[in-house]
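The values are calculated or read from the model by the stated rules, or taken from the named source; none is laboratory data. Everything numeric here is computed off the predicted structure, so don't read it as measured data. As a convention, Cβ positions derive from the backbone with ideal geometry for all residues, glycine included, and neighbour counts pool all protein chains shown. These area figures cover heavy atoms from the full protein model, side chains too; ligands, DNA and RNA do not enter into them. Shrake-Rupley method; radii C 1.70, N 1.55, O 1.52, S 1.80 Å.
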Amino acid sequence: MAAAAEQGVGAERKEKKEEEEEQVVNPWEVSAGKGGIDYDKLVDQFGCQRIDDALVDRIARLTGRPPHCFLRRGLFFAHRDLNELLDLYEKGEKFYLYTGRGPSSEALHLGHLIPFMFTKYLQEAFKVPLVIQLTDDEKFLWKNLTVQESKRLARENAKDIIACGFDIERTFIFSDFSYVGGAFYENMMQVARCVTMNKAIGIFGFNLEDHIGKVSFPPVQAVPSFPSSFPHLFAGKDQLRCLIPCAIDQDPYFRMTRDVAPRIGYQKPSLIESRFFPALQGENTKMSASDANSAIYVTDSAKEIKTKVNKYAFSGGQDSIELHRKLGANLDVDVPIKYLNFFLEDDDELAHIKKEYKEGRMLTGEVKQRLIAVLSEIVARHQRARAQVTEEMVDAFMAVRPLPNMFG
């Protein structure tokens, strides 16, 4: 009996361990457990802090404008040292923004737009400069791409980023293959010398089968956090603070960066981190460039958006109308509701839809129709803006130049 009981306990522990191990979140892999991503567990694991209502209210007060819906709805939900950054801002000290994109595909999907939509709000609200890193070197190292193809995709992705509406007088976009050198490279070497192989393996999970290019990359993503990496922008401002808006899977890079920064004479960057944008098939499925039906792309037509939402967007509704009217929808797993949470601006309308759908008075088809209208408008607006972006505009945003009115 004791042996049987022991076996039972052992099996239970093994099952629990397997469930725990199902969640993997790092810069190159995101896979959810059976119940989706456990963000509370992630916050504890990474050691960041939750964004609470008081912090959202503080941002609204300091900027004199309503907080972005991504903040109001807890979609950007975690941070590192944001209060400290705001303390300094309140005393008159400015900061700069840093975000980026790994250009591995021709077109962006809506999930790729999330950090740029939010960063645009931050740039406008705080009136601060922004650097945007295009890691074409990273995608050369991790994907089966040539150098030239990586560089071409970086420029194509830059057009989508510019189409988000960034202020050219406050924004510098750069690709690693074109920009890395000089002071930027010096900072890379300082970071590299501070991080042991054991530390890199612990943070990023590298193994002996990884080529050394991968191991050498993290300093490249770290050093845009340091103002001296951009002498044409921040000469004499080596202690200028940096705020990084990103998805939480990028946190390992900046845990490393924050550990190294004081050792080489820089301020630790602050972070504001988002939840993941789910695939159409649900949170347990990854959006994949190899499966066009897993996401809405900014190149999709209105007809394609309608087909994808109707056919592939996972529903939390019941199997029959009668059952749905009785039990209502499970909003926790419903993808159309999750997408509306990101993209429907009107808080009152969103609350109404959630209430009616949850209580069974609104059907899945009706929710999907509203989502189709919202996404079609966003994508059409983006397509109109991107059509106006010329090669000359890309050159202008990527030109190494001072930004004379960057804090104006």
Structure-based [θ]222 nm, the chain - -39500 (n - 2.57) summed over DSSP H runs of at least 4, per residue, nearest 500:
-15500 deg cm²/dmol
Order these peptides, 362-371, 332-341, 56-65, by their mean beta-carbon neighbour count within 10 angstrom, highest first.
332-341, 362-371, 56-65
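Take the solvent-accessible surface of the protein heavy atoms, probe 1.4 Å, and return the percent of it on the chain that carbon and sulfur atoms account for.
Its accessible area is 51 percent carbon and sulfur atoms.
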Met393 to Glu149: FRET efficiency via 1/(1 + (r/R0)^6), r the Cβ-Cβ distance, R0 22 Å, to the nearest 0.05?
0.50
Roughly what would the spin-label model give for Asn330 and Thr307, points 7 Å off Cα along C-beta, in nm?
2.9 nm
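How much FRET efficiency would the formula 1/(1 + (r/R0)^6) give for Ala60 and His352, where r is the Cβ-Cβ distance and R0 is 22 Å, rounded to 0.05? Don't skip to the end; give the middle numbers.
Numbers: r = 23 Å, r/R0 = 1.06.
It comes out at approximately 0.40.
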Which residues among the range 98-112 fall inside the zone where the amide N is under 16 Å from a point 7 Å beyond the Cα of Trp28, along Cα→Cβ?
102-104
Largest to smallest principal axis extent of the C-alpha atoms in the range 192-326, angstrom:
65, 38, 32
Cα centroids of the range 237-257 and the range 331-408: how far apart, whole angstrom?
25 Å
Probe radius 1.4 Å, ligands and nucleic acids left out: which of Tyr297, Tyr357 has the largest accessible area, and how do the rest follow?
Tyr297, Tyr357
Tally the DSSP beta bridges in the range 25-279 and give the antiparallel ones as a percent, rounded to 5.
35 percent
With just the Cα atoms defining each centre, how far is the range 93-164 from the range 302-330? Give it in Å.
33 Å
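Helix by helix, which DSSP H runs in the chain go 18 Å or more along their axis at the Cα atoms and have an average Kyte-Doolittle hydropathy of 0.5 or more?
110-126
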If the only charges are +1 at each Lys and Arg Cβ and -1 at each Asp and Glu Cβ, what is the size of the charge dipole of the range 25-279 around the Cα centre, to the nearest 20 debye?
320 debye
Please work out how much length the chain gains when fully extended from His232 to Arg255, using 0.36 nm per residue of separation minus the C-alpha to C-alpha distance, in nm with one decimal.
5.6 nm
Size of charge dipole - the range 300-388 - debye, nearest 20, with Cβ of Lys, Arg +1 and Asp, Glu -1, no other charges
340 debye
Net charge around Arg80, counting only other residues with Cβ within less than 15 Å of its Cβ (Lys, Arg = +1; Asp, Glu = -1)?
-4
Nitroxide proxy distance, nm - points 7 Å out along Cα→Cβ at Ile321 and Arg381:
3.4 nm
Of the candidates Gly365, Thr171, Thr299, the farthest towards the positive dipole end of the chain (Lys/Arg Cβ +1, Asp/Glu Cβ -1, centred on the Cα centre) is Thr171
Just need the relative contact order of the range 25-279 here, percent rounded to a whole number, with Cα pairs under 8 Å and 6+ apart.
25 percent
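Count charges around Lys159 for me, please; just the other residues with Cβ under 11 Å from its Cβ, Lys/Arg as +1, Asp/Glu as -1.
Taking every Cβ under 11 Å from that of Lys159, the sum is -2.
Based on the Cα atoms of the range 281-376, what semi-axes does the equivalent ellipsoid have, where each is the square root of 5 times one gyration tensor eigenvalue, given in whole Å with the largest first? Write out the running numbers ahead of the final one.
On the way: eigenvalues 102, 45, 27 Å².
Gyration-tensor ellipsoid for the range 281-376: 23, 15, 12 Å.
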Using a probe radius of 1.4 Å on heavy atoms only, what accessible surface per residue do you get for the range 104-190? Whole Å² is fine.
34 Å²
